[in-house]
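Step one of this worksheet: look at the structure below.
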Amino acid sequence: MIGGFAKSYRGQTGRAGYTLTYNSYGLILAANEPFDSKADAIRDEIDIKYDIMVNATETERKRVADTDVGKEIQEEINDLKLLLNAYKEGKIKESF
């Protein structure tokens, strides 16, 4: 490949492809601008240019606790707290 991102997109769109990014803040769709070559970009320290096409920001930031895995982790934490309390109260003994 010569140049930035997908050369095959350039003829149809004038772009070097698209990047879809999703994180806890929301979703961004960016259209990437082409560049001449990777070597030139590195040598000349050229930034990758893009235009944001869609910026869908979440009204409330997503956190690990909002996910299924986060709920499982919280259940494990709750179980460990119960186990620790039972140990402290002498209901269970340490075994070797």
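For the reader, a short list of remarks on this structure follows.
- Using alpha-carbon coordinates, inclination of helix 68-88 to the longest axis of the chain, degrees: 30 degrees
- Number of Lys pairs (Cα under 24 Å; 8 or more positions apart or on different chains) in the chain: 7
- Length added when fully stretched, ILE52-GLU72, from 0.36 nm per residue minus Cα-Cα: 3.7 nm
- Dipole axis of the chain (+1 Lys, Arg; -1 Asp, Glu on Cβ), positive-most option in VAL54, LEU29, ASN85: ASN85
- With coordinates expressed along the principal axes, the C-alpha atoms belonging to the chain extend over 73, 35, 21 Å, beginning with the largest.
- Each Lys and Arg contributes +1 and each Asp and Glu -1, all at the Cβ; summed about the Cα centre of the chain, the dipole is approximately 100 debye.
- One decimal place: the segment TYR22-ARG61 gains 12.9 nm when fully extended, by the rule 0.36 nm per residue minus the C-alpha distance.
Quick note: the coordinates plus some simple rules give every number you see, no bench work behind them. All of these numbers come straight from a predicted model, not from anything done at the bench. Counting neighbours? That spans all protein chains shown, and the Cβs are built from the backbone with ideal geometry, glycine included.
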